């Protein structure tokens, strides 16, 4: 599964794209757990104490923001899905 990291997340990861060999039909929650297992430094930037995606992080699945979906962290993913992870941004 292809996960693209942007801005400061890319700096933490050290590259733009990481491929995860994960089972078909996993949830966003399981993907995030795989990401933080792979790179523990991301945990505090992605997940709150309740293990939920932080509200200011934008995780897009095929261009759709997970936080705007009623399924949220329980969205099921397919291997061909494109995942983009953006940190909070500000500016004008």
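Does residue 39 fit the bill of being at pLDDT 95 or above and surrounded by 15 or more Cβ atoms within 10 Å (Cβ to Cβ)?
Numbers: at pLDDT 95 or above: yes; surrounded by 15 or more Cβ atoms within 10 Å (Cβ to Cβ): yes.
Criteria met by residue 39.
Can you pull out every residue in the range 69-82 that is outside any loop (DSSP other than H, G, I, E, B) and either in contact with a helix residue (DSSP H, G or I) (Cβ under 9 Å, 6 or more places away or on another chain) or buried (at least 16 other Cβ atoms within 10 Å of the Cβ) (or both)?
Selection gives 72, 73, 74, 76.
For the range 60-82, name all the residues that are within 13 Å of the chain's Cα centre (by Cα) and without any contact (Cβ under 8 Å) to a residue 40 or more places away in the chain.
Listed by number, the residues that qualify are 60, 61, 62, 63, 64, 65, 66, 67.
Here's the yes/no breakdown for (1) farther than 20 Å from residue 36 by Cβ; (2) part of a loop (DSSP other than H, G, I, E, B); (3) modelled with pLDDT under 95:
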site: 51; (1), (2), (3): no, yes, yes
site: 60; (1), (2), (3): no, no, no
site: 67; (1), (2), (3): no, no, yes
site: 84; (1), (2), (3): no, no, no
site: 92; (1), (2), (3): yes, yes, yes
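Table: residues versus (1) surrounded by 12 or more Cβ atoms within 10 Å (Cβ to Cβ); (2) without any contact (Cβ under 8 Å) to a residue 60 or more places away in the chain; (3) under 12 Å from the mean Cα position of the chain (by Cα).
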site	(1), (2), (3)
3	yes, no, yes
12	yes, yes, no
22	yes, yes, no
26	yes, yes, no
32	yes, yes, yes
58	yes, yes, yes
84	yes, no, yes
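List the number of the failed condition for residue 18; all other conditions in (1) in contact with a strand residue (DSSP E or B) (Cβ under 8 Å, 6 or more places away or on another chain); (2) in a helix (DSSP H, G or I); (3) without any contact (Cβ under 8 Å) to a residue 40 or more places away in the chain hold.
Unmet for residue 18, out of (1) in contact with a strand residue (DSSP E or B) (Cβ under 8 Å, 6 or more places away or on another chain); (2) in a helix (DSSP H, G or I); (3) without any contact (Cβ under 8 Å) to a residue 40 or more places away in the chain: (2).
The values are calculated or read from the model by the stated rules, or taken from the named source; none is laboratory data. Remember, predicted model here, so these are calculated numbers, not experimental data. Don't worry about glycine lacking a Cβ; one is built from the backbone with ideal geometry, like all the others, and counts go over all protein chains shown.
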